[in-house]
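**Q** Sharing a structure, written as structure tokens. Questions coming.
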Amino acid sequence: MYKLYNVKAWGSLAIHFLLEEMAVPYTNIWMTPEQVAAPEFKSISPLGYIPALGLDDGTTLFESAAIVSFLVTIHNDKAMAPAVGTPEFGEFLSWLHFMSTNIYPTINMNDHDNIYARIETERAHITATANEKLLALWGIIETRLQSEGPWMMGTDYSALDAYAFMLTLWSKPGERAFLAKFPAVAELARAVRARPSLKAALEAHGVMEPRS
Ligand SMILES: N[C@@H](CCC(=O)N[C@@H](CS)C(=O)NCC(=O)O)C(=O)O
């Protein structure tokens with residue numbers, strides 16, 4: 001049985017949603033931010049980051065894109081990604097990494113401007129630059145959804161949609177203002193929230209409705 005190290009509305013949400021959609025056996029290890037920050041957690045996740053996924057043999061996986069790739073590959077029959085080895089699967093991986101290596105770290109930079117800045121004025125600069133970059137990155141997702149949507153992989157729901165949904169939750173200054181700028185992303189978020197298979201997980205993370 002998989003063990004998901006999970007924090008409400010953090011980076012484990014997309015993995016939680018994926019495990020629910022695939023209906024595979026797993027258990028949640030709900031953690032507080034203090035438990036995540038404790039040095040012991042680094043023996044599970046090298047940077048002390050959520051998400052991490054424990055496997056039956058004691059291996060622990062980390063990095064959200066790696067965990068998604070592993071799960072959709074090993075459970076390819078659950079149709080949460082195109083068939084492994086096809087061009088569409090390659091396209092799926094491209095968009096997964098586009099989100100995990102561009103949007104996710106830029107959100108983190110925006111949230112942790114206090115770590116990157118030496119003085120107050122740098123803080124404002126970092127936030128402004130991150131916000132500007134995020135608008136450009138989401139613009140690319142919006143274009144993709146408008147031309148190929150309604151889901152990231154077209155007419156088929158996939159793990160990418162829960163991942164994109166998760167990233168929308170962290171928008172600044174708030175979710176509603178963000179979604180108003182990107183109608184196709186807003187429609188994706190609405191449709192993820194409407195999935196009956198995700199009702200319990202949406203409630204567990206407290207994200208049934210936009211929070212801000
Ligand atoms: N590149 C990592 C980023 C994960 C990440 O930033 N996780 C955040 C929560 S959303 C975290 O655990 N932060 C803890 C910390 O900053 O100490 C991934 O994609 O899994």
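**Q** For region 21-128, which semi-axes, largest first and in whole Å, follow from the square roots of 5 times the eigenvalues of its Cα gyration tensor? Before the final figure, lay out the partial values.
**A** On the way: eigenvalues 188, 91, 19 Å².
Values for region 21-128, descending: 31, 21, 10 Å.
**Q** Here is a follow-up. To the nearest 0.05, how large is the calculated FRET efficiency for residue 122 and residue 203 if R₀ is 35 Å and r is the Cβ-Cβ distance? Don't skip to the end; give the middle numbers.
**A** On the way: r = 40 Å, r/R0 = 1.13.
With R0 = 35 Å, the Cβ-Cβ based efficiency is 0.35.
**Q** With r as the distance between the Cβ atoms of residue 112 and residue 40 and R0 = 25 Å, compute the FRET efficiency 1/(1 + (r/R0)^6) and round to 0.05. Could you put the intermediate results ahead of the total?
**A** Values: r = 22 Å, r/R0 = 0.88.
It comes out at approximately 0.70.
**Q** Quick check: the distance between the Cα centres of region 95-162 and region 1-21, to the nearest angstrom?
**A** A separation of 20 Å, based on Cα centres.
**Q** Separation between the residue 78 and residue 30 pseudo-spin-labels, each 7 Å from Cα along Cα→Cβ, expressed in nm?
**A** Going by the 7 Å Cα→Cβ label model, 2.1 nm.
**Q** Which ³J(HN,Hα) values, rounded to whole Hz and listed in residue order, are derived for region 146-155 from phi using the Karplus coefficients 6.51, -1.76 and 1.60 in 6.51 cos²θ - 1.76 cosθ + 1.60 with θ = phi - 60°, glycine and proline given as x?
**A** So the Karplus estimates, Gly and Pro as x, are 5, 8, 10, x, x, 9, 4, 9, x, 8 Hz.
**Q** From the square roots a ≥ b ≥ c of the eigenvalues of the alpha-carbon gyration tensor of region 106-186, which class results: rounded (a/c under 1.5), prolate (a/b over b/c), or oblate?
**A** Prolate shape, in that a/c is at least 1.5 and a/b is the bigger ratio.
**Q** Mind running the shape call on region 1-60? Use the C-alpha gyration tensor, a ≥ b ≥ c as the square roots of the eigenvalues: rounded below 1.5 for a/c, prolate if a/b tops b/c, oblate otherwise. Spell out each step's value before the answer.
**A** Values: a/c = 2.37, a/b = 1.39, b/c = 1.70.
Oblate, since a/c reaches 1.5 and b/c is not below a/b.
**Q** In nm, to one decimal, how far is the modelled label at residue 194 from the one at residue 135, with both set 7 Å along Cα→Cβ?
**A** So the two model labels end up 2.9 nm from each other.
**Q** Can you tell me how the chain classifies by the Cα gyration tensor, rounded, prolate or oblate, using a/c under 1.5 as the rounded cut?
**A** Taking the square roots of the gyration eigenvalues as a ≥ b ≥ c, the chain is oblate.
Each reported figure results from applying straightforward, stated rules to the coordinates on display, with no laboratory input. Every value quoted in this text rests on a predicted model; they were computed, and no experiment measured them. For neighbour counting, all protein chains shown are included, and Cβ atoms are generated from backbone atoms with ideal geometry for every residue, glycine included.
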